[in-house]
1. Give the residue that is farthest from A:Gln149 (Cα to Cα), with candidates limited to residues of the range B:122-148 that are more than 7 Å from every other protein chain (Cβ to nearest Cβ) and of a type in the set (D, E, K, R).
2. Given the conditions (1) within 11 Å of chain A (Cβ to nearest Cβ); (2) surrounded by fewer than 15 Cβ atoms within 10 Å (Cβ to Cβ); (3) at pLDDT 95 or above, report the number of the one that B:Gly178 does not fulfil.
3. Is it true that some residue in the range B:64-76 is open to solvent by 50 Å² or more (accessible area, probe 1.4 Å), in a helix (DSSP H, G or I) and in contact with a strand residue (DSSP E or B) (Cβ under 6 Å, 6 or more places away or on another chain)?
4. Return the residues of the range B:149-166 that are open to solvent by 30 Å² or more (accessible area, probe 1.4 Å), more than 7 Å from every other protein chain (Cβ to nearest Cβ) and either among the aromatic types (Phe, Trp, Tyr) or not in a loop (DSSP other than H, G, I, E, B) (or both); say none if nothing qualifies.
5. When you look at A:Thr103, is it within 30 Å of A:Leu22 (Cα to Cα), assigned to a helix (DSSP H, G or I), open to solvent by 20 Å² or more (accessible area, probe 1.4 Å) and not hydrophobic (A, V, I, L, M, F, W, C), yes or no?
6. Name every residue in the range A:139-153 that is aliphatic (A, V, I, L, M) and touching a residue at least 40 places away in the same chain (Cβ under 8 Å), in order of residue number.
7. A:Glu83 passes all but one of (1) open to solvent by 20 Å² or more (accessible area, probe 1.4 Å); (2) part of a helix (DSSP H, G or I); (3) out of contact with any strand residue (DSSP E or B) (no Cβ under 6 Å at 6 or more places or on another chain); (4) within 14 Å of chain B (Cβ to nearest Cβ); which number fails?
8. Restricting attention to the range A:1-38, report how many residues are within 10 Å of another protein chain (Cβ to nearest Cβ), open to solvent by 70 Å² or more (accessible area, probe 1.4 Å), under 23 Å from B:Gly17 (Cα atoms) and not in a helix (DSSP H, G or I).
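The values are calculated or read from the model by the stated rules, or taken from the named source; none is laboratory data. Bear in mind that the values here come from a model prediction, so they are computed numbers and not experimental data. Note that each Cβ is placed from the backbone with ideal geometry, even for glycine, and that neighbours are counted across all protein chains shown. Just the protein is used for accessible areas: all its heavy atoms, side chains included, with ligands, DNA and RNA removed. Shrake-Rupley method; radii C 1.70, N 1.55, O 1.52, S 1.80 Å.
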There are 2 protein chains.
Amino acid sequence: MAHNLQDTMALLERTPGALDALLRGLPETWTHHNEGGETFTVVDVVGHLIYADRVDWIPRARMILEHGENKPFDPFDRRGHVEECRGRTLPQLLDEFRRVRATCLDDLRELNLQSEQFQLRGRHPSLGPVTLSDLLATWAAHDLTHLHQISRIMAHQYRDKVGPFVAFLGVLKCDGHGG
Amino acid sequence: MAHNLQDTMALLERTPGALDALLRGLPETWTHHNEGGETFTVVDVVGHLIYADRVDWIPRARMILEHGENKPFDPFDRRGHVEECRGRTLPQLLDEFRRVRATCLDDLRELNLQSEQFQLRGRHPSLGPVTLSDLLATWAAHDLTHLHQISRIMAHQYRDKVGPFVAFLGVLKCDGHGG
């Protein structure tokens, strides 16, 4: 299946601005509480997006181009956001996400990928062979899975406030599906 | 439970800008396809948010203040967005959502609600008694349920592109929970 890099990049370019418009200046009621236990706050999710941009997508694309399936990707640290978030406010994290995403998209443009390269394969440490196309599509879908998560975390903060309307609010029936 | 109107309004104020930043100028791959059958496209969701602001939240708040439980709310037309969307592009709908939301928030401020009024009750045509607090909290949670839906509709467009990474993407396991 052909990869439409313009579609992928159009989404990747917009996510930092969308999160900024949604989150900057919001009361901590919405942004600093989680869904219970070890789950993420909205702040954690922004930290996770920064960390993933730093260590995951472009570094893995380069691994595919340089090493193919010979060398597996470094495993992703699901707690990597902790260091990203340390000592930073949410507005600072939103600024940082905008910066790191812009840098990553510049890096992606500089790779100047040609259509035949999208089917090149790398090796994921747990999933096995994946193509460059899989990886880039997942970068975009990963933004969306975390936008989905952010909307769910925020809605959770109003779970006890909506009364009988809970019956109509799909987001309050979402169990997170592991992410 | 006390209703924090500032928290509610802070979210309601931000949703149009967040959707604008996410959606304006995106390729139709993301915005003009649905999840199959009679499900909504992203464009439909924006039309639904406009329609709900027009006929639902403030008109129902006024019903509670004027009629209490004596008169049920008008039923909500789940196909009301069709007329909102007719002949309008997505950028036009985003402009319209920003306008109608700003007007609704001006109307809400003019109601000058006092803390004791949040527990006033109205009558929902199918759910029965609901408080003004329930209604206003649901307005905010309704924005979030549709942001959750938009991220899910968009992720669905890349369902067949992410390869083995589908295992890690919670949004692709979400069945919509009816909304």
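1. Ranking the qualifying residues of the range B:122-148, first place goes to B:Arg123.
2. (3)
3. yes
4. Of everything in the range B:149-166, those that are open to solvent by 30 Å² or more (accessible area, probe 1.4 Å), more than 7 Å from every other protein chain (Cβ to nearest Cβ) and either among the aromatic types (Phe, Trp, Tyr) or not in a loop (DSSP other than H, G, I, E, B) (or both) turn out to be B:His156, B:Val166.
5. On the way: within 30 Å of A:Leu22 (Cα to Cα): yes; assigned to a helix (DSSP H, G or I): yes; open to solvent by 20 Å² or more (accessible area, probe 1.4 Å): yes; not hydrophobic (A, V, I, L, M, F, W, C): yes.
Yes, satisfied.
6. Let us first name the residues in the range A:139-153 that are aliphatic (A, V, I, L, M), namely A:140-141, A:144, A:147, A:150, A:153.
Result: A:Ala140, A:Leu144, A:Leu147, A:Ile150, A:Ile153.
7. A:Glu83 satisfies all of (1) open to solvent by 20 Å² or more (accessible area, probe 1.4 Å); (2) part of a helix (DSSP H, G or I); (3) out of contact with any strand residue (DSSP E or B) (no Cβ under 6 Å at 6 or more places or on another chain); (4) within 14 Å of chain B (Cβ to nearest Cβ) except (4).
8. Residues that pass the stated criteria total 1.
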